[in-house]
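Enquirer: Got a structure for you, questions after.
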Amino acid sequence: MTTRELTPPQVKDAVEKSGPGGTGRRRLLGAGKQLHAGPVTYVVLAVFALVSLAPLLWTVVAASRTNQRLAETPPPLWIGGNLFKNLEAAWNEAALGTAMLNSTIVAGTITVGTVLFSTLAGFAFAKLRFRFSSLLLLLTIGTMMIPPQLAVVPLYLWMSELGWSNQLQTVVLPTLVSAFGTFFMRQYLVQALPSELIEAARVDGASSLRVVWHVVFPAARPAMAVLGLLTFVMAWNDFLWPIIALNQQNPTVQVALNSLGTGYVPDQAVIMAGALLGTLPLLIAFLLFGKQIVGGIMQGAIKG
(Lines give C-alpha, C1' and ligand atoms only; values in the text may rest on other atoms or scores of the structure.)
Protein backbone atom coordinates (compact mmCIF):
# COMPACT_ATOMS: atom_id res chain seq x y z
CA MET A 1 0.00 0.00 0.00
CA THR A 2 1.52 3.34 -1.05
CA THR A 3 1.27 6.70 0.69
CA ARG A 4 -1.45 7.78 -1.75
CA GLU A 5 -3.73 5.07 -0.36
CA LEU A 6 -3.10 6.02 3.28
CA THR A 7 -5.11 8.55 5.25
CA PRO A 8 -3.15 11.08 7.36
CA PRO A 9 -3.69 9.16 10.64
CA GLN A 10 -2.47 5.95 8.98
CA VAL A 11 0.64 7.69 7.66
CA LYS A 12 1.45 9.06 11.10
CA ASP A 13 0.97 5.65 12.69
CA ALA A 14 3.17 3.98 10.05
CA VAL A 15 5.96 6.48 10.65
CA GLU A 16 5.82 6.04 14.43
CA LYS A 17 5.99 2.23 14.14
CA SER A 18 8.80 2.19 11.61
CA GLY A 19 11.61 3.00 14.03
CA PRO A 20 13.34 5.80 15.94
CA GLY A 21 15.41 8.59 14.54
CA GLY A 22 13.10 9.43 11.68
CA THR A 23 14.33 6.50 9.54
CA GLY A 24 10.80 5.38 8.94
CA ARG A 25 9.78 8.86 7.81
CA ARG A 26 12.67 9.06 5.34
CA ARG A 27 11.96 5.54 4.05
CA LEU A 28 8.23 6.23 3.66
CA LEU A 29 8.58 9.62 2.03
CA GLY A 30 11.35 8.46 -0.29
CA ALA A 31 9.57 5.33 -1.48
CA GLY A 32 7.98 7.04 -4.45
CA LYS A 33 11.01 9.03 -5.56
CA GLN A 34 12.87 8.18 -8.73
CA LEU A 35 16.46 7.04 -8.30
CA HIS A 36 19.15 9.08 -10.07
CA ALA A 37 22.46 7.71 -11.34
CA GLY A 38 25.73 9.20 -10.19
CA PRO A 39 28.56 10.55 -12.40
CA VAL A 40 30.44 7.23 -12.26
CA THR A 41 27.45 5.47 -13.79
CA TYR A 42 27.35 7.92 -16.69
CA VAL A 43 31.09 7.53 -17.28
CA VAL A 44 30.80 3.73 -17.40
CA LEU A 45 27.80 3.91 -19.73
CA ALA A 46 29.63 6.36 -22.00
CA VAL A 47 32.65 4.04 -22.22
CA PHE A 48 30.48 1.06 -23.11
CA ALA A 49 28.61 3.14 -25.69
CA LEU A 50 31.85 4.23 -27.34
CA VAL A 51 33.16 0.67 -27.43
CA SER A 52 29.91 -0.52 -28.98
CA LEU A 53 29.92 2.25 -31.58
CA ALA A 54 33.62 1.88 -32.45
CA PRO A 55 33.11 -0.67 -35.30
CA LEU A 56 30.44 1.50 -36.90
CA LEU A 57 32.55 4.64 -36.55
CA TRP A 58 35.55 2.90 -38.10
CA THR A 59 33.35 1.72 -40.98
CA VAL A 60 32.35 5.32 -41.69
CA VAL A 61 35.96 6.53 -41.46
CA ALA A 62 37.29 3.76 -43.72
CA ALA A 63 34.47 4.26 -46.23
CA SER A 64 35.44 7.92 -46.58
CA ARG A 65 39.12 7.32 -47.34
CA THR A 66 41.14 5.89 -50.20
CA ASN A 67 42.63 2.42 -50.29
CA GLN A 68 46.14 3.87 -50.16
CA ARG A 69 45.37 5.97 -47.07
CA LEU A 70 43.96 2.95 -45.23
CA ALA A 71 47.23 1.07 -45.81
CA GLU A 72 49.30 3.80 -44.15
CA THR A 73 50.43 3.89 -40.54
CA PRO A 74 48.97 5.33 -38.39
CA PRO A 75 45.48 4.71 -39.81
CA PRO A 76 43.06 7.62 -40.24
CA LEU A 77 40.85 8.44 -37.29
CA TRP A 78 38.50 11.00 -38.83
CA ILE A 79 36.10 11.12 -41.77
CA GLY A 80 37.66 11.95 -45.14
CA GLY A 81 36.24 13.44 -48.30
CA ASN A 82 35.60 10.32 -50.42
CA LEU A 83 32.53 8.99 -48.61
CA PHE A 84 29.90 9.66 -51.27
CA LYS A 85 32.27 8.65 -54.06
CA ASN A 86 32.93 5.28 -52.42
CA LEU A 87 29.24 4.79 -51.63
CA GLU A 88 28.36 5.35 -55.27
CA ALA A 89 31.11 2.96 -56.40
CA ALA A 90 29.92 0.24 -54.02
CA TRP A 91 26.28 0.74 -55.05
CA ASN A 92 27.08 0.37 -58.73
CA GLU A 93 29.71 -2.39 -58.53
CA ALA A 94 27.65 -4.67 -56.28
CA ALA A 95 24.21 -3.89 -57.77
CA LEU A 96 23.00 -3.04 -54.27
CA GLY A 97 19.67 -1.70 -55.54
CA THR A 98 18.49 -5.19 -56.52
CA ALA A 99 20.19 -6.69 -53.49
CA MET A 100 18.44 -4.28 -51.08
CA LEU A 101 15.06 -5.12 -52.59
CA ASN A 102 15.72 -8.86 -52.41
CA SER A 103 16.95 -8.66 -48.81
CA THR A 104 13.89 -6.64 -47.81
CA ILE A 105 11.58 -9.25 -49.34
CA VAL A 106 13.50 -12.17 -47.86
CA ALA A 107 13.98 -10.72 -44.36
CA GLY A 108 10.43 -9.33 -44.20
CA THR A 109 8.82 -12.60 -45.29
CA ILE A 110 10.96 -14.67 -42.92
CA THR A 111 10.18 -12.30 -40.04
CA VAL A 112 6.41 -12.38 -40.58
CA GLY A 113 6.38 -16.16 -41.03
CA THR A 114 8.61 -16.86 -38.04
CA VAL A 115 6.69 -14.57 -35.69
CA LEU A 116 3.30 -15.92 -36.81
CA PHE A 117 4.13 -19.63 -36.76
CA SER A 118 6.27 -19.41 -33.63
CA THR A 119 3.49 -17.63 -31.74
CA LEU A 120 0.93 -20.23 -32.78
CA ALA A 121 3.23 -23.13 -31.94
CA GLY A 122 4.32 -21.51 -28.68
CA PHE A 123 0.69 -21.01 -27.67
CA ALA A 124 -0.08 -24.65 -28.44
CA PHE A 125 2.83 -25.91 -26.34
CA ALA A 126 2.10 -23.46 -23.52
CA LYS A 127 -1.67 -23.67 -23.09
CA LEU A 128 -3.15 -26.53 -25.10
CA ARG A 129 -3.21 -30.11 -23.89
CA PHE A 130 -2.59 -32.82 -26.48
CA ARG A 131 -0.81 -36.14 -26.65
CA PHE A 132 2.97 -36.22 -26.88
CA SER A 133 3.22 -32.44 -26.39
CA SER A 134 6.26 -32.78 -24.12
CA LEU A 135 7.96 -35.13 -26.58
CA LEU A 136 7.29 -32.80 -29.51
CA LEU A 137 8.62 -29.84 -27.55
CA LEU A 138 11.74 -31.80 -26.66
CA LEU A 139 12.27 -32.70 -30.32
CA THR A 140 11.79 -29.06 -31.31
CA ILE A 141 14.41 -27.93 -28.82
CA GLY A 142 16.69 -30.74 -29.92
CA THR A 143 16.79 -29.43 -33.47
CA MET A 144 18.63 -26.35 -32.20
CA MET A 145 21.56 -28.59 -31.29
CA ILE A 146 22.07 -29.73 -34.89
CA PRO A 147 24.65 -27.60 -36.74
CA PRO A 148 22.99 -25.89 -39.72
CA GLN A 149 25.98 -26.77 -41.90
CA LEU A 150 24.89 -30.42 -41.85
CA ALA A 151 21.68 -29.56 -43.69
CA VAL A 152 23.27 -27.55 -46.49
CA VAL A 153 23.85 -30.41 -48.96
CA PRO A 154 20.49 -32.20 -48.61
CA LEU A 155 18.66 -28.86 -48.56
CA TYR A 156 20.40 -27.74 -51.74
CA LEU A 157 19.56 -31.04 -53.48
CA TRP A 158 15.95 -30.71 -52.40
CA MET A 159 15.65 -27.16 -53.69
CA SER A 160 17.30 -28.16 -56.99
CA GLU A 161 14.76 -30.95 -57.46
CA LEU A 162 11.98 -28.40 -56.95
CA GLY A 163 13.55 -26.18 -59.63
CA TRP A 164 14.08 -23.26 -57.24
CA SER A 165 17.80 -22.70 -57.77
CA ASN A 166 18.79 -19.02 -57.68
CA GLN A 167 15.30 -17.98 -56.58
CA LEU A 168 14.33 -16.13 -53.42
CA GLN A 169 11.96 -18.82 -52.15
CA THR A 170 15.01 -21.06 -51.79
CA VAL A 171 16.22 -18.75 -49.02
CA VAL A 172 12.80 -17.99 -47.51
CA LEU A 173 11.14 -21.40 -47.24
CA PRO A 174 13.66 -23.26 -45.01
CA THR A 175 13.60 -20.51 -42.36
CA LEU A 176 9.89 -19.70 -42.10
CA VAL A 177 9.67 -21.65 -38.83
CA SER A 178 12.19 -21.31 -36.03
CA ALA A 179 12.74 -23.76 -33.17
CA PHE A 180 14.19 -20.95 -31.08
CA GLY A 181 11.17 -18.75 -31.82
CA THR A 182 8.77 -21.52 -30.83
CA PHE A 183 10.57 -22.14 -27.54
CA PHE A 184 10.90 -18.40 -26.88
CA MET A 185 7.17 -17.75 -27.39
CA ARG A 186 6.23 -20.83 -25.39
CA GLN A 187 8.26 -19.66 -22.39
CA TYR A 188 6.76 -16.18 -22.60
CA LEU A 189 3.14 -17.28 -22.95
CA VAL A 190 3.35 -19.70 -20.03
CA GLN A 191 3.68 -16.71 -17.69
CA ALA A 192 2.10 -13.84 -19.63
CA LEU A 193 -1.15 -15.51 -20.73
CA PRO A 194 -3.43 -16.64 -17.86
CA SER A 195 -5.39 -19.81 -18.57
CA GLU A 196 -8.44 -18.18 -16.99
CA LEU A 197 -8.45 -15.59 -19.77
CA ILE A 198 -8.65 -18.30 -22.42
CA GLU A 199 -11.38 -20.12 -20.51
CA ALA A 200 -13.37 -16.90 -20.19
CA ALA A 201 -13.16 -16.37 -23.94
CA ARG A 202 -14.32 -19.94 -24.51
CA VAL A 203 -17.28 -19.41 -22.17
CA ASP A 204 -18.22 -16.31 -24.15
CA GLY A 205 -18.43 -18.46 -27.27
CA ALA A 206 -15.19 -17.40 -28.95
CA SER A 207 -13.83 -19.74 -31.58
CA SER A 208 -10.22 -20.90 -31.61
CA LEU A 209 -9.34 -18.35 -34.29
CA ARG A 210 -10.96 -15.55 -32.31
CA VAL A 211 -9.16 -16.61 -29.13
CA VAL A 212 -5.84 -16.47 -30.95
CA TRP A 213 -6.57 -13.11 -32.58
CA HIS A 214 -8.14 -11.28 -29.61
CA VAL A 215 -6.45 -12.97 -26.64
CA VAL A 216 -3.17 -14.63 -27.60
CA PHE A 217 -1.77 -12.04 -30.00
CA PRO A 218 -2.38 -9.02 -27.70
CA ALA A 219 -0.81 -10.84 -24.76
CA ALA A 220 2.18 -11.97 -26.83
CA ARG A 221 2.78 -8.61 -28.56
CA PRO A 222 5.91 -7.63 -26.54
CA ALA A 223 7.60 -10.97 -27.18
CA MET A 224 6.52 -10.92 -30.83
CA ALA A 225 8.20 -7.53 -31.25
CA VAL A 226 11.47 -8.80 -29.77
CA LEU A 227 11.37 -12.00 -31.82
CA GLY A 228 10.57 -10.01 -34.96
CA LEU A 229 13.56 -7.71 -34.46
CA LEU A 230 15.95 -10.59 -33.80
CA THR A 231 14.64 -12.57 -36.76
CA PHE A 232 14.87 -9.61 -39.15
CA VAL A 233 18.47 -8.90 -38.16
CA MET A 234 19.47 -12.57 -38.51
CA ALA A 235 17.73 -12.93 -41.88
CA TRP A 236 19.26 -9.69 -43.20
CA ASN A 237 22.78 -10.70 -42.14
CA ASP A 238 22.54 -14.36 -43.19
CA PHE A 239 25.37 -15.28 -45.55
CA LEU A 240 26.02 -19.05 -45.58
CA TRP A 241 22.82 -20.32 -47.17
CA PRO A 242 22.19 -17.35 -49.53
CA ILE A 243 25.73 -17.54 -50.98
CA ILE A 244 25.07 -21.20 -51.83
CA ALA A 245 21.49 -20.87 -53.04
CA LEU A 246 21.72 -17.58 -54.97
CA ASN A 247 24.07 -16.02 -57.53
CA GLN A 248 25.21 -12.51 -58.40
CA GLN A 249 22.30 -12.02 -60.81
CA ASN A 250 19.71 -12.33 -58.03
CA PRO A 251 21.58 -11.63 -54.77
CA THR A 252 20.76 -10.52 -51.28
CA VAL A 253 22.85 -7.76 -49.71
CA GLN A 254 25.40 -10.11 -48.15
CA VAL A 255 25.85 -12.03 -51.42
CA ALA A 256 26.25 -8.77 -53.34
CA LEU A 257 28.83 -7.45 -50.87
CA ASN A 258 30.86 -10.60 -51.42
CA SER A 259 31.54 -9.47 -54.98
CA LEU A 260 33.31 -6.34 -53.72
CA GLY A 261 36.16 -8.41 -52.31
CA THR A 262 37.24 -9.82 -55.67
CA GLY A 263 40.28 -8.69 -57.62
CA TYR A 264 44.03 -8.81 -57.12
CA VAL A 265 44.00 -5.82 -54.74
CA PRO A 266 40.55 -5.42 -53.15
CA ASP A 267 39.55 -1.83 -52.50
CA GLN A 268 39.00 -1.80 -48.73
CA ALA A 269 37.41 1.65 -48.83
CA VAL A 270 34.75 0.52 -51.31
CA ILE A 271 34.18 -2.67 -49.32
CA MET A 272 33.62 -0.62 -46.17
CA ALA A 273 31.27 1.68 -48.08
CA GLY A 274 29.25 -1.35 -49.19
CA ALA A 275 29.17 -2.67 -45.61
CA LEU A 276 27.93 0.73 -44.45
CA LEU A 277 25.14 0.68 -47.04
CA GLY A 278 24.19 -2.83 -45.97
CA THR A 279 24.01 -1.77 -42.33
CA LEU A 280 21.96 1.41 -42.82
CA PRO A 281 18.55 -0.35 -43.21
CA LEU A 282 19.04 -2.11 -39.86
CA LEU A 283 19.94 1.17 -38.16
CA ILE A 284 16.95 2.92 -39.69
CA ALA A 285 14.61 0.09 -38.67
CA PHE A 286 15.83 0.25 -35.08
CA LEU A 287 15.58 4.04 -34.96
CA LEU A 288 11.99 3.89 -36.25
CA PHE A 289 10.72 0.94 -34.20
CA GLY A 290 13.20 0.69 -31.32
CA LYS A 291 11.07 2.82 -29.00
CA GLN A 292 7.99 0.69 -29.63
CA ILE A 293 9.97 -2.52 -29.10
CA VAL A 294 11.53 -1.32 -25.84
CA GLY A 295 8.14 -0.04 -24.71
CA GLY A 296 6.62 -3.41 -25.50
CA ILE A 297 9.30 -5.19 -23.50
CA MET A 298 8.69 -2.93 -20.50
CA GLN A 299 4.93 -3.37 -20.83
CA GLY A 300 5.33 -7.12 -20.86
CA ALA A 301 7.66 -7.02 -17.88
CA ILE A 302 5.21 -4.93 -15.85
CA LYS A 303 2.31 -7.21 -16.74
CA GLY A 304 4.38 -10.29 -15.90
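The values are calculated or read from the model by the stated rules, or taken from the named source; none is laboratory data. From a predicted model like this one, the values you see are computed outputs, not experimental measurements. Note that we place each Cβ from the backbone using ideal geometry, even for glycine, and neighbour counts take in every protein chain shown. The accessibility values were calculated without ligands, DNA or RNA, using every heavy atom of the protein model including side chains. Shrake-Rupley method; radii C 1.70, N 1.55, O 1.52, S 1.80 Å.
Enquirer: Please go through the range 81-164 and write out the chymotrypsin sites (Phe, Trp or Tyr not before Pro) that DSSP classes as loop and that have at most 10 other C-beta atoms within 10 Å.
Expert: Listed in order of number, the matching sites are F130, F132.
Enquirer: In Å, what Kirkwood hydrodynamic radius results for the range 139-199 from the alpha-carbon pair distances?
Expert: Details: mean 1/r = 0.0704 Å⁻¹.
It is 14.2 Å.
Enquirer: Assuming R0 = 25 Å, can you tell me the calculated FRET efficiency for the pair I243 and E72, based on Cβ-Cβ distance, to the nearest 0.05? Intermediate values should be presented prior to the final figure.
Expert: Numbers: r = 32 Å, r/R0 = 1.29.
The computed FRET efficiency comes out at 0.20.
Enquirer: Once you have the alpha carbon radius of gyration of the range 104-147, what is it after dividing by 2.2 N^0.38 Å, with N set to its residue count? Intermediate values should be presented prior to the final figure.
Expert: Details: Rg = 13.0 Å, N = 44, 2.2 N^0.38 = 9.3 Å.
So the Cα radius of gyration is 1.40 times the expected 2.2 N^0.38 Å.
Enquirer: Along its three principal axes, how long is the range 123-232 when you only count alpha carbons? Whole Å, largest extent first please.
Expert: Extents along the principal axes: 50, 27, 25 Å.
Enquirer: Find how much the distance from T41 to T143 grows on full extension, using 0.36 nm per residue of separation minus their present alpha carbon separation; answer in nm with one decimal. List each step's numbers first, then the result.
Expert: On the way: separation 102, 0.36 × 102 = 36.72 nm, distance 4.15 nm.
Additional length available on full extension: 32.6 nm.
Enquirer: On to the next question. At each listed q (0.18, 0.27 Å⁻¹), what is the log10 of I(q)/I(0) that the Debye formula gives for the range 55-127 modelled as equal alpha-carbon point scatterers?
Expert: Listed by q, the Debye log ratios stand at -0.79, -1.10.
Enquirer: Could you pull out the chymotrypsin sites (Phe, Trp or Tyr not before Pro) across the range 177-280 that fall in loop regions by DSSP (anything but H, G, I, E, B) with no more than 13 other Cβ atoms inside 10 Å? Don't skip to the answer; put the middle values down first.
Expert: On the way: sites: F180, F183, F184, Y188, W213, F232, W236, F239, Y264; in loops: F239, Y264.
Those satisfying the criteria are F239, Y264.
Enquirer: For the range 81-134, which trypsin sites (Lys or Arg not before Pro) are both in a DSSP coil and crowded by at most 15 other Cβ atoms within 10 Å?
Expert: Working: sites: K85, K127, R129, R131; in loops: R129, R131.
Answer by residue number: R129, R131.
Enquirer: Report, to the nearest whole %, how much of the accessible area of the range 127-177 belongs to carbon and sulfur atoms, 1.4 Å probe, protein only. Write down the numbers at each step before the final one.
Expert: Details: 2660 of 3770 Å².
The C+S portion of the solvent-accessible surface of the range 127-177 is 70 percent.
Enquirer: Then there is this: I'd like the FRET efficiency for V153 and Q187, computed as 1/(1 + (r/R0)^6) with the beta carbon distance as r and R0 of 30 Å, rounded to 0.05.
Expert: For R0 = 30 Å, the calculated efficiency reads 0.35.
Enquirer: Something else about it: Skip the ligands, DNA and RNA, and give the accessible area per residue of the range 124-195 with a 1.4 Å probe, whole Å².
Expert: Per residue, the range 124-195 has an accessible area of 65 Å².
Enquirer: If you don't mind, there's one more thing I want to ask. What accessible area per residue comes out for the range 219-269, rounded to a whole number of Å², with a 1.4 Å probe?
Expert: Working: 2390 Å² over 51 residues.
Result: 47 Å² per residue.
Enquirer: Follow-up question, since we're still on this one. Suppose R0 equals 25 Å; then what is the FRET efficiency for F286 and N92 from their Cβ-Cβ distance, rounded to the nearest 0.05? Before the final figure, lay out the partial values.
Expert: Numbers: r = 27 Å, r/R0 = 1.09.
That pair, F286 with N92, gives E of 0.40.
Enquirer: Assign unit charges at the C-beta atoms only (+1 for Lys and Arg, -1 for Asp and Glu), then state the dipole size of the range 180-301 relative to its Cα centre in Debye, rounded to the nearest 20. It would help to have the intermediate numbers written out before the result.
Expert: Numbers: 5 positive and 5 negative charges, 35 e Å.
Charge dipole of the range 180-301: 160 debye, to the nearest 20.
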